[in-house]
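See below for the structure under consideration.
The values are calculated or read from the model by the stated rules, or taken from the named source; none is laboratory data. These figures come from a predicted structure and were not determined experimentally. Glycine gets a Cβ as well: all are built from the backbone with ideal geometry, and neighbour counts include every protein chain shown.
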Amino acid sequence: MNFDESVSYLFGLGHETVAIKLGLKNVTRLLRRLGDPQASFPSVQIAGTNGKGSTAAMLDSIARAAGLRAGLYTSPHLVSVTERVRVGGLEISRVEFARQATLVRKAAEEVERESGALPTFFEQVTGVALSAFADEKVGIAVLETGLGGRLDATTAAGARWVGVTPVALDHQEYLGSTLAEIAAEKAAIIRPGVRAVLAPQEPEAAEVILRRCRECGVEPRFATEEVEVEEAGADGRLRVRLRTARDEYAGVRLALRGRHQLTNAAVAVALAEVLAEDGFAISREHIVEGLETAEHAGRLELDERRRPAVLYDGAHNVAGARSLRAYLDEFAPREGVTMVFGAMRDKELEEIGRVLFPAARQLVLTSPANPRAATVEQLLRAVPVPPSSSTIALAPSSSDALLIARTHTPPGGLVCVTGSLYLVGEVKAQLEPTAGES
């Protein structure tokens, strides 16, 4: 298959959340057919509700600063599926992605004949990533869990080091209706023999995660809570000081924006310190450099090349909405914010709207091209009464929404695209039409 054929094949398997089949049997069969590529390199798996992708990006950046050939696997992508698989900080090429996808498809069809079930989109893309990392002879792979942990395809990689970022309510239809149930799904990446790093958690989640550690005989490392902000830049980037039992990291200017990144940075630092204890040549200087150069598209990503500037943030649940609202309250320009909002219908739309919409001077509601997307009429019902925005516009598509927002926002204002990473990806593709063509 060429690249376009491989993308068509993979997405023809069904949307990764609509057609999801949680479980490890089929992905384990798939990896076995591929020669168990995950066995050829050490890996770190990161789970959680919010922050797991940012933490993975920071740890990958730290590893690369230390001179390690690092592989990074994240999801979802924004513009091109190649964004999910990175080696040495660079996306896998379209040619290499197609080559790997062809190998994985052949193995997946063999699995279907054996088990009667064709591996899903996410299982096959996970196979692409792990196979590519093996071929590239990475020194370490950093794997962001897709959904949950216990039955997520990345868990089949058998990572030796794991991290759990803050757990909150999200994806209840798959993971459970309570915080304890969701925490149990995510804590399941903790297994006998692993080294585990834990972020601060709500008491209900902490109890479940610590019980899992005790059951597995794992002594967890807790991410430091001794983090202070030394300076907040006008662009939302923070200069911070982190103190751990091992070291102190002062004057670090985090590359990723927002105060919620303090927790993610603490988890990344703890994981890096654990890796250093286990023989990886990671120094204090490498950790500082990694934190200061990490990149994670679509998460408080500010594009100041545009006039007005565009802020992308996939605040897809209540916890994410609160983080974005805190950022806007602190750093939004005085000319105001035009918020372009679209989300999936299974989200807590009214609560997200209550948190986010008052921060907007103008609100543009739209529906991403996704089978799970809420209609603009459903979104309108999530607007607080009385509405806090001076104007509300309904746009049938993201392109219409972007046109409305850019037309009605002054040059010094800010267009904030949020609610769903799928919406963020659509808008980025319109503003950056050559993205993903490597």
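A quick yes/no check of all residues on (1) closer than 17 Å to Arg307 by Cα; (2) assigned by TED's automatic domain parsing to the domain that holds Gly342; (3) at pLDDT 95 or above:
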position	(1), (2), (3)
Arg381	no, yes, no
Pro384	no, yes, no
Pro387	no, yes, no
Ile392	no, yes, no
Ser398	no, yes, yes
Leu402	yes, yes, yes
Pro410	yes, yes, no
Gly413	yes, yes, yes
Thr418	no, yes, yes
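Residues are listed down the side, and each one gets a yes or a no for (1) surrounded by fewer than 21 Cβ atoms within 10 Å (Cβ to Cβ); (2) closer than 19 Å to Arg284 by Cα; (3) within 23 Å of the chain's Cα centre (by Cα):
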{"residue": "Val197", "(1), (2), (3)": "no, yes, yes"}
{"residue": "Leu210", "(1), (2), (3)": "yes, no, no"}
{"residue": "Glu226", "(1), (2), (3)": "yes, yes, no"}
{"residue": "Arg243", "(1), (2), (3)": "yes, yes, no"}
{"residue": "Arg259", "(1), (2), (3)": "yes, no, yes"}
{"residue": "Thr263", "(1), (2), (3)": "no, yes, yes"}
{"residue": "Ala268", "(1), (2), (3)": "no, yes, yes"}
{"residue": "Ala272", "(1), (2), (3)": "no, yes, yes"}
Odd one out for Glu215, checked against (1) surrounded by fewer than 16 Cβ atoms within 10 Å (Cβ to Cβ); (2) touching a Leu at 6+ places or on another chain (Cβ under 6 Å): (2)
Count, please, the residues in region 337-358 that happen to be of a type in the set (Ser, Thr, Tyr) and within 19 Å of the chain's Cα centre (by Cα). 0
Could you list all residues from region 140-181 that are within 19 Å of the chain's Cα centre (by Cα), modelled with pLDDT under 90 and among the hydrophobic types (A, V, I, L, M, F, W, C)? Leu147, Leu151, Ala168, Leu169, Leu175
Between Ala319, Ala297, Ala332, Ala326, which is surrounded by fewer than 22 Cβ atoms within 10 Å (Cβ to Cβ) and either in contact with an Asp or Glu (Cβ under 7 Å, 6 or more places away or on another chain) or closer than 30 Å to Leu68 by Cβ (or both)? Ala297
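Which of the helices (runs of 4 or more DSSP H) contained wholly in region 287-381 include at least 3 residues that are touching a Leu at 6+ places or on another chain (Cβ under 7 Å)?
Result: 318-331, 376-380.
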For region 300-316: of the residues being among the hydrophobic types (A, V, I, L, M, F, W, C) and surrounded by 21 or more Cβ atoms within 10 Å (Cβ to Cβ), which is nearest to Thr49 (Cα to Cα)? Ala315
